[in-house]
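Q: Starting off with a structure, shown below.
The values are calculated or read from the model by the stated rules, or taken from the named source; none is laboratory data. Just so you know, these numbers come straight off a predicted model, no measurement behind them. When we count neighbours, we look across all protein chains shown, and the Cβ atoms used for this are built from the backbone with ideal geometry, even at glycine. Surface accessibility is based on the protein's heavy atoms, side chains included, excluding ligands, DNA and RNA. Shrake-Rupley method; radii C 1.70, N 1.55, O 1.52, S 1.80 Å.
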Amino acid sequence: MSLFSNIIAPLIAGLFFLLYFIYFSIANPSKATSYKYFVVYLVGIGLFSLGRPLQLILGPHPMPLIIVNIRMIVLCGVISPVIILASDLFNRKRRKNFQAIIISFCALLGFIYVIFNTLGTHESRVLFHFAGITAQDNFTPNMQGPFYGREVTIVVQVVTGLLLTIFSFIKLIKLKLETSVNNLLRNKIFLFNSGVFIFGLSFTIGSLAKQWGIYYVVSIISALLFGGSVIIDVKEVYHYYEKLIPFIKEDIIHNVAFSGFSKAKLTEMLDCLGKNGDLNTFVVMKIKDGKSKVLHDLKMIDEVLKITDVNLSSVLDEESFILLPLSNYRIGIALKLNNSDDSVNRISFMEILEGVQSEICATQKCNLAVGIGRTYETIEDLRISYHEALNAQEYAERLENSSIVHVDNINELDQHTNMYPVKEKEKLLALIKVGDVKNSHNAFSVFIEKFKPFITEKPEGLKVRLYEFIGSLIDSAILGGGDEKKLNERMEEFFSDINHIKDMETVEKFMSSAVVEIADTVAHVYESRSKSLIKKATRYIEENYHSQLSYKDVANEVFISPSYFLCLFKQETGYTFVDYLTMLRIEKAKELLLTTDMTITQIADKTGFNNSNYFSRIFKKLVGTRAKDYRASS
């Protein structure tokens, strides 16, 4: 029995956990949080189980003591909190205080075990002999003062088991009340907490009875229940993301194409789809039939997406590209290309796209206009590559049959081609974002002068460009603090107006009025925000004028930079911060002079002046008379 409990059972359990870990890592990899918890659990419980045979066969004291201490640190500090936090995760609760308490308490249990086990153990004992191997275990005497190591370590093991048992039992009772019996076996919370319950109970009983084989055997059953619950959770997460993928892709397009670019947000969205966060090149493809008319065939769009995905997957890693359905029957490809040798890199990628184009044209009986943007160093420039790819695609669309055009080749192909004014638009959007009405108007004048010849050459793209322009203005206004609901409602009205635009003169008037209106909206927001900030700042100054207050303290209170605060304060009040604070202190000093018997020195100190001579000098300068005379004149 001793051989089974101490060698065979933990060895079988440890090997099972190792194989289970390999299975989950290879067959069911996932980014779900529950999966990560489960992998940590398998590694932890595997080490805990395999550590038991090692504890017995590696020799006499102190080896058994060292290994059992390590095993209990793993059990208390890793396995127990991971199990409890994973269960809490399944309940969709994120309680940071609870997490900190559980981790701290479990770590404390492990610390207590190690300390008292070490203090109470001075030797090892022979447990049994088998096949020429002498098994030696940690020997901690019973009722051995002053530390009572044996009793304390047993208590720690029992408390750990009871913690898991009670915690899971409460969850199971609540679940039984809320869920029908028929649905329990398909419920991940039930499966998980059942596993925790039987493991905690077996660990408690095994510790009290000193029959370690009990919880090694039961831990296998628990792991199977844990694994079943995690598989259910991973499937739920997968289906959830499946539903979200179109919306995530739409957000990525919105982030890249319009003004509201955020590296953090874009990287997070790409990570949700399992894509790298260093994509640096954009490609735009547009499907047309032989007569250069856009095909209104969604089935064909799906086929083109599949063909493109298969071809790119054969030469690129899945994580290094993403296909994005764009407007007006366009398809976007955001991908990672090596920027070390741009010319070779471009030729190689052009060959890949030619293969995609050939297969699509042959199988779908259509033409394909492809535009490629430049390859940049970072993802921050992906939006520039997008606009370049769009320009190149629009140029390719004007050529006969199917064409692939890199933005760098446009000038080589046609010296008279006008480019979309991307940089001018970016400057305009930056001014819109801060509500600069005057400079927004000037920036628009520069933009429209380049936009008119561009759209004259590509009149078929006018509506798409107008939709994009208005969307970018609205995004900038929202980022500038504008009312998102009202701005989105106004955007719908702008979109409706676009359908009635007929000529270039109307286009310019429409775009100009939109710029003025939206810039003015943000300007009002900034004005209102500025007044609110300064009102809060002056209130803070009035409450703290008697302390050694600096402008940095006030700026920090209203959450703006010190330099911006000084500028804004002067703009809104007409006074510098120092002048305003000094005048306020003098007014408070005048009140104290008239209403109290405090000395000049006391009043100076009470109102924030740390020097009575300086106070007297400033008082006379601002009031026109000495403080003593001011009091006497009343």
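Q: Between Asp483 and Tyr467, 0.36 nm times their residue separation minus their Cα-Cα distance comes to what? The partial results should precede the final answer.
A: On the way: separation 16, 0.36 × 16 = 5.76 nm, distance 1.98 nm.
Net length gain for the segment: 3.8 nm.
Q: Another question about this same structure. Using protein chains only and a probe of 1.4 angstrom, how many square angstrom of Cys361 are accessible, to the nearest 10?
A: Using a 1.4 Å probe on the heavy atoms, I get roughly 30 Å².
Q: So, one more: Can you give the helix-only mean residue ellipticity at 222 nm for the chain, where every DSSP H stretch with n ≥ 4 adds -39500 (n - 2.57) and the sum goes over all residues, rounded to the nearest 500 deg cm²/dmol?
A: On the way: 25 runs with 434 residues, N = 634.
Calculated mean residue ellipticity at 222 nm is -23000 deg cm²/dmol.
Q: Per residue, how much accessible surface does the chain expose to a 1.4 Å probe? Answer in Å², no decimals.
A: Values: 31940 Å² over 634 residues.
Per-residue value: 50 Å².
Q: Work out, step by step, the length gained on full extension between Gln99 and Ile166: first 0.36 nm times the residue separation, then minus their alpha carbon distance; give nm to one decimal.
A: That pair, Gln99 and Ile166, stretches by 22.4 nm at full extension.
Q: Separate question: Gap in Å between the Cα centre of segment 510-545 and the Cα centre of segment 591-634?
A: 37 Å
Q: Shifting gears a bit: Determine the order of Ser385, Ser633 by accessible area, beginning with the largest, at a probe radius of 1.4 Å. Please list the in-between numbers first.
A: Working: Ser385 0, Ser633 95 Å².
Solvent-accessible surface, decreasing: Ser633, Ser385.
Q: With all protein chains present and a 1.4 Å probe, how do Tyr329, Tyr395 order by accessible area, largest first?
A: Working: Tyr329 55, Tyr395 15 Å².
Most to least solvent-accessible, the answer reads Tyr329, Tyr395.
Q: State, to one decimal in nm, how far the label point of Ile8 lies from the label point of Ile115, with both points 7 Å from Cα in the Cβ direction.
A: Between Ile8 and Ile115, the label points sit 4.0 nm apart.
Q: Here is a follow-up. Roughly how many Å² of Glu484 are accessible to a 1.4 Å probe, to the nearest 10?
A: Here the residue's solvent-accessible area equals roughly 110 Å².
Q: May I pose another question? Mind scanning Lys263/Lys427; Lys31/Lys263; Lys36/Lys235; Lys249/Lys365; Lys552/Lys590 and naming the pairs with a C-alpha gap bigger than 25 Å?
A: Numbers: Lys263/Lys427 19 Å; Lys31/Lys263 21 Å; Lys36/Lys235 14 Å; Lys249/Lys365 28 Å; Lys552/Lys590 27 Å.
Table pairs above 25 Å Cα-Cα are Lys249/Lys365; Lys552/Lys590.
Q: Compute the length gained on full extension between Gln144 and His129: take 0.36 nm times their separation in residues and subtract their Cα-Cα distance, giving the result in nm to one decimal. Each step should come with its number before you reach the end.
A: Values: separation 15, 0.36 × 15 = 5.40 nm, distance 2.72 nm.
So the extension gain works out to 2.7 nm.
Q: Tell me the label only: which of [x] 60, 50, 21; [y] 60, 34, 23; [z] 97, 42, 21 is semi-axes √(5λ) of the Cα gyration tensor in Å as calculated from this structure?
A: Given [x] 60, 50, 21; [y] 60, 34, 23; [z] 97, 42, 21, the calculated one carries the label [x].
Q: Given the peptides 468-476, 209-217, arrange them by the average over their residues of other C-beta atoms within 10 Å, most packed first.
A: Values: 468-476: 23.1, 209-217: 18.1.
The densest-packed peptide leads the list: 468-476, 209-217.
Q: Can you give the FRET efficiency to the nearest 0.05 for Glu493 and Ser314, using r as the Cβ-Cβ distance and R₀ = 35 Å? Don't jump to the answer; show the numbers that get you there.
A: On the way: r = 47 Å, r/R0 = 1.34.
After rounding, the FRET efficiency stands at 0.15.
Q: Using a Förster distance of 45 Å, how high is the FRET efficiency between Glu517 and Lys365, based on the Cβ-Cβ distance and rounded to 0.05? Walk me through the numbers before you get to the answer.
A: Details: r = 46 Å, r/R0 = 1.03.
That pair, Glu517 with Lys365, gives E of 0.45.
Q: Can you give the FRET efficiency to the nearest 0.05 for Ser633 and His441, using r as the Cβ-Cβ distance and R₀ = 56 Å? Present the calculation step by step, with values, prior to reporting the outcome.
A: Values: r = 56 Å, r/R0 = 1.00.
With a Förster radius of 56 Å, E is 0.50.
Q: Work out the length of the dipole vector of segment 438-590 about its Cα centre, built from +1 on the beta-carbon of each Lys and Arg and -1 on the beta-carbon of each Asp and Glu, and round it to the nearest 20 debye. Before the final figure, lay out the partial values.
A: Numbers: 21 positive and 24 negative charges, 122 e Å.
Around 580 debye, computed over segment 438-590.
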